[in-house]
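The values are calculated or read from the model by the stated rules, or taken from the named source; none is laboratory data. Just so it is clear, the model here is predicted, and its values are computed rather than measured. All Cβ positions, glycine included, derive from the backbone under ideal geometry; neighbour counts span all protein chains shown. When the accessible area is computed, the model is the full protein with side chains, heavy atoms only, and any ligands, DNA or RNA have been set aside. Shrake-Rupley method; radii C 1.70, N 1.55, O 1.52, S 1.80 Å.
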Amino acid sequence: MEIISWRTQYPFFYPGEQFVPQNKPELPTHPGTKRVLSWRNPAGWGRWGRRLRSFDQLIFIWWVPTFQGPVYWGMLRALGRQRPPVTVICHNVLPHEPRPGDRTFARAVLRRCERVIVHSESQAELAEHLSGKSPILADLPLVMLDAPKRAVTRRLSKNLLLFGFVRPYKGLDVLLEALTKTPDITLTVAGEFWGGPKPYEQLIKRLRLQRRVTLRDGYVPADDLADYIAGADAVVLPYKSGTASWNVHLAHAYGTPVIATRVGSLPVQVHDGVDGLLCEPGDATSLAEAINRFYKRGVAKKLQEGVPEIPVDKDWERYLQAVIGG
């Protein structure tokens, strides 16, 4: 197996970090990884496309169509008609923050691939519309660096957690509004902020939540993230829209319930009243009602006890069979 990866995936104006801290990923990279692709170097797209003709199978990871679309389109054109079958794994068929050309490149790339894999029903419908073929729906399995330590008993701290890459579609603004309807509850937000935390700092000040909300801006290493999750009463995923997320499985791996909206794969991963609670997207009142319900007598304890064990190895076996087995 050989992995052709990115030297420069995003342009200079990309509103997030280009690399993990010190350019040292927490999971070891495959020894056959070549970091050669760049959105700035069209000549390289064709060169590597031609080199891949001798492979038995190709798998493209589709994440940010605006920047990956032209690169993959160039590689597919260079591969020509006499090429190996191509599978594309779509984390997002179209981006959450749309840009000109997204649909054009998505359609051009997906229609040239033999198989399309998606992680939620809504993305399956979109992929079928753009690609003209029936996609494969597969639940995205969890990657764990170490075996999680689940708390046997846990006292409520009245602190909730939102973690990960904080982007507009993830609904932090809705969660902050909901907090004004949930007295005495605090919130920790841990992760890198898309475009910086200033708009949220201003909203927190306007809503007078300075004493109740803690922002931890920046990439969160796995060891620190485990402490955040295990120390929270619940993880909150107030997404306004969504495709698929590891965050439910990651929270459950540490025995932590999830309060989430009914978007993307979240209603499949969170079982309302069993291991978490569900509410309506973009609705601060509905979210506040779910949070207040969580803190009613006995509810949090019941949900903690209902959090399932995550069968990481078996999930990956099923996923790899979907990707490779056809």
Here are the criteria: (1) closer than 19 Å to TYR169 by Cβ; (2) over 17 Å from the mean Cα position of the chain (by Cα); (3) part of a loop (DSSP other than H, G, I, E, B). Tell me which single one VAL263 does not satisfy. (2)
So, LEU303, is that one touching a Pro at 6+ places or on another chain (Cβ under 6 Å), open to solvent by less than 20 Å² (accessible area, probe 1.4 Å), under 27 Å from PRO95 (Cβ atoms) and in a helix (DSSP H, G or I) or not? no
Tell me which residues, restricted to the stretch 186-214, are open to solvent by 30 Å² or more (accessible area, probe 1.4 Å), part of a strand (DSSP E or B) and either in contact with a Gly (Cβ under 6 Å, 6 or more places away or on another chain) or under 19 Å from ALA284 (Cβ atoms) (or both). THR186
Residues being polar (S, T, N, Q), under 30 Å from VAL220 (Cβ atoms) and open to solvent by 80 Å² or more (accessible area, probe 1.4 Å) - total across the stretch 27-82: 0
Looking at this structure, is PHE163 in contact with a helix residue (DSSP H, G or I) (Cβ under 8 Å, 6 or more places away or on another chain), under 17 Å from ILE291 (Cβ atoms) and not aliphatic (A, V, I, L, M)? yes
Name the single residue that is most open to solvent (accessible area, probe 1.4 Å) among those in the stretch 275-289 being outside any helix (DSSP H, G or I) and under 22 Å from VAL307 (Cα atoms). GLU280
Scan the stretch 290-299 residue by residue and report those that are part of a helix (DSSP H, G or I) and either more than 17 Å from VAL270 (Cα to Cα) or more than 25 Å from the chain's Cα centre (by Cα) (or both). ASN292, ARG293, VAL299
Collect the residues in the stretch 34-61 that are modelled with pLDDT of 85 or more and part of a strand (DSSP E or B), keeping them in residue-number order. LEU58, ILE59, PHE60, ILE61
If a residue has to be among the small types (Gly, Ala, Ser) and within 24 Å of SER265 (Cβ to Cβ) to count, how many in the stretch 81-117 make the cut? 1
One residue from TYR295, TYR254 being over 15 Å from GLY171 (Cβ atoms) and at pLDDT 95 or above: TYR295
Please verify whether VAL248 is of a type in the set (Val, Ile, Thr), crowded, with 18+ Cβ neighbours inside 10 Å and part of a helix (DSSP H, G or I), treating the condition exactly as stated. yes
